[in-house]
Amino acid sequence: MKDYIPPVGPLRWLDWAIDPAAADEKARAHLDETPFLATARGSQRPPPGHWRTWLFMAGRGAGKTRAGAEWARFAALKAGLGRLALVGPTLSDAREVMIEGPSGLKAASQYAEEELPVYQVSRRRLEWPNGALGFIFSAEDPDSLRGPQFDGAWCDEAAAWKRGPMVWDMLQMALRIGDSPRAVVTTTPKPVPLIKRLVASRSTVVTRGATSDNADFLSPTFLEEVTAAYGDTLLGKQELEGLLIESQEGALWTATMLRAVALSAAPPRFDDVVVAVDPPVSQGRSADECGIIAVGAARGDRGPVVCYVLDDASARGLSPIDWAGRAVALAKKVGASRVVAEVNQGGDMVAQTFEAAGCQIPVEARRAVLSKRARAIPVVALYQKGLIHHVGRFDALEQQMLLFGTDSQKGSPDRVDALVWGVTSLALDHAGDPRVRRM
């Protein structure tokens with residue numbers, strides 16, 4: 001290993017953030033050495049001033065990894081930092097994305113081979129020609145940050161760190177050498193505790209970017225597809241626009257609430273399982289979705305009923321026989337005891353449609369009297385009490401739940417309606433409900 005040789009007269013951090021058009025002679029010379037700086041957007045440049053943490057929250061493909069890599073390269077070669085922590089969600093992410101990836105540290109040095117760092121696999125560290133070192137860490141192992149010390153850190157996709165707050169605390173203890181130790185965090189935003197904590201901190205400066213900002217470096221078909229599919233959704237606002245979405249005014253469900261109820265596996269047995277259906281009012285390609293949700297229920301040791309969302313087979317543009325067939329297939333898959341279906345629009349036709357689709361289990365006909373919001377409120381209360389869980393990920397359903405009752409809600413919330421009917425039947429109704437209709 002070489003002895004670390006700091007640069008002669010290192011550039012001020014402000015020089016790296018300066019507008020190229022306004023750069024003085026010294027800064028322009030550095031811009032010539034680092035082409036990225038001449039073309040980087042403002043959000044990709046470190047903010048001026050004495051910050052402790054720079055949080056760059058941006059959409060997928062917005063250039064945040066390249067910004068982090070260029071900052072770490074600059075820190076090691078030009079700004080006098082000799083020991084950098086490189087923290088990724090996993091060790092594989094740290095190596096394959098932050099170091100070896102197309103926007104990683106090696107790619108950032110491709111225009112200056114004499115400054116190309118070498119990765120030492122056995123020691124999990126990166127060494128630059130001037131002796132500066134970068135050590136990779138996994139956010140899965142907070143204790144690995146005990147002991148070492150650093151004057152800088154680059155943290156990638158911190159919103160995906162499973163043990164985020166603990167990892168961050170250990171890193172802060174390790175950022176203890178040099179005149180001004182600091183950390184750069186590049187991530188797609190999620191309303192997880194660590195990101196909310198960083199945004200609220202006085203020592204954090206936040207910049208933001210959208211996927212579309214980096215359009216010149218992305219596939220046009222990718223942009224077209226993701227914009228068409230997610231452009232008007234909360235998922236799109238988060239993953240494409242880089243916005244931190246927690247909840248909207250009027251929402252009954254929040255992202256925090258839904259994260260708290262997520263499970264990776266279902267319980268071994270259920271006392272009952274239903275498939276709930278909210279049929280669309282109209283038919284054809286322009287019709288609303290048909291909500292089709294499977295829900296199971298279990299009561300342990302005489303306690304309250306706990307419900308589990310098991311599957312979402314909702315679909316748009318189906319004929320009545322097709323959505324009924326889809327619900328029947330789901331009922332067979334999950335072993336449902338009955339189908340729960342709203343009949344406000346179809347009446348007896350709903351039951352006849354299920355019969356035509358080969359339904360062999362009872363159909364419980366539900367007629368809505370209260371508004372959608374009024375029907376949903378008791379179900380929301382069960383979520384708040386931890387009496388409903390989601391087994392797996394249901395992105396489309398959860399996005400609809402987060403928008404339900406807000407100004408951003410578009411179209412009929414059919415998935416939510418089906419969910420409400422299923423939970424109501426399993427956990428909120430009294431035994432012997434006269435609204436049960438059997439076939």
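The values are calculated or read from the model by the stated rules, or taken from the named source; none is laboratory data. Only a predicted model underlies this, so the values are computations on that prediction, with no experimental measurement involved. Because the Cβ atoms are built from the backbone with ideal geometry, glycine has one as well, and the counts that use them run over all protein chains shown. These accessible areas exclude ligands, DNA and RNA; they are computed on the full protein's heavy atoms, side chains included. Shrake-Rupley method; radii C 1.70, N 1.55, O 1.52, S 1.80 Å.
Brief remarks follow.
- Pairs where the first residue, in the range 207-220, is under 13 Å from T188 (Cβ atoms) and modelled with pLDDT of 85 or more and the second is in a helix (DSSP H, G or I) and among the basic types (K, R), C-beta under 7 Å, 6+ apart: G209/K64
- Within the range 121-133, not a single residue is outside any strand (DSSP E or B), in contact with a strand residue (DSSP E or B) (Cβ under 6 Å, 6 or more places away or on another chain), in contact (Cβ under 8 Å) with a residue 12 or more places away in the chain and open to solvent by less than 10 Å² (accessible area, probe 1.4 Å).
- Helices (runs of 4 or more DSSP H) fully within the range 164-280 counting 3 or more residues that are open to solvent by 50 Å² or more (accessible area, probe 1.4 Å) and over 20 Å from W154 (Cα atoms): 220-230, 255-260
- Within the range 71-100, tally of residues that are open to solvent by 20 Å² or more (accessible area, probe 1.4 Å), in a helix (DSSP H, G or I) and either among the hydroxyl-bearing types (S, T, Y) or within 10 Å of D156 (Cβ to Cβ) (or both): 3
- Subset of the range 306-351 (residues that are in a helix (DSSP H, G or I), in contact with a strand residue (DSSP E or B) (Cβ under 9 Å, 6 or more places away or on another chain) and of a type in the set (A, V, I, L, M)): A324, A327, V328, L330, A331, V334, V350, A351
- G392 meets each of the listed conditions (1) exposed (fewer than 13 other Cβ atoms within 10 Å of the Cβ); (2) closer than 25 Å to A266 by Cα; (3) small (G, A, S); (4) modelled with pLDDT under 90 apart from (1).
- Some residue of the range 398-415 being within 13 Å of V295 (Cα to Cα) and either modelled with pLDDT under 90 or not in a strand (DSSP E or B) (or both): yes
- Residue in the range 105-115 that is of a type in the set (A, V, I, L, M, F, W, C) and closer than 24 Å to G236 by Cα present: no
- From the list A67, A62, the one residue that fits, being in a helix (DSSP H, G or I), over 18 Å from F135 (Cα atoms) and open to solvent by less than 20 Å² (accessible area, probe 1.4 Å), is A67.
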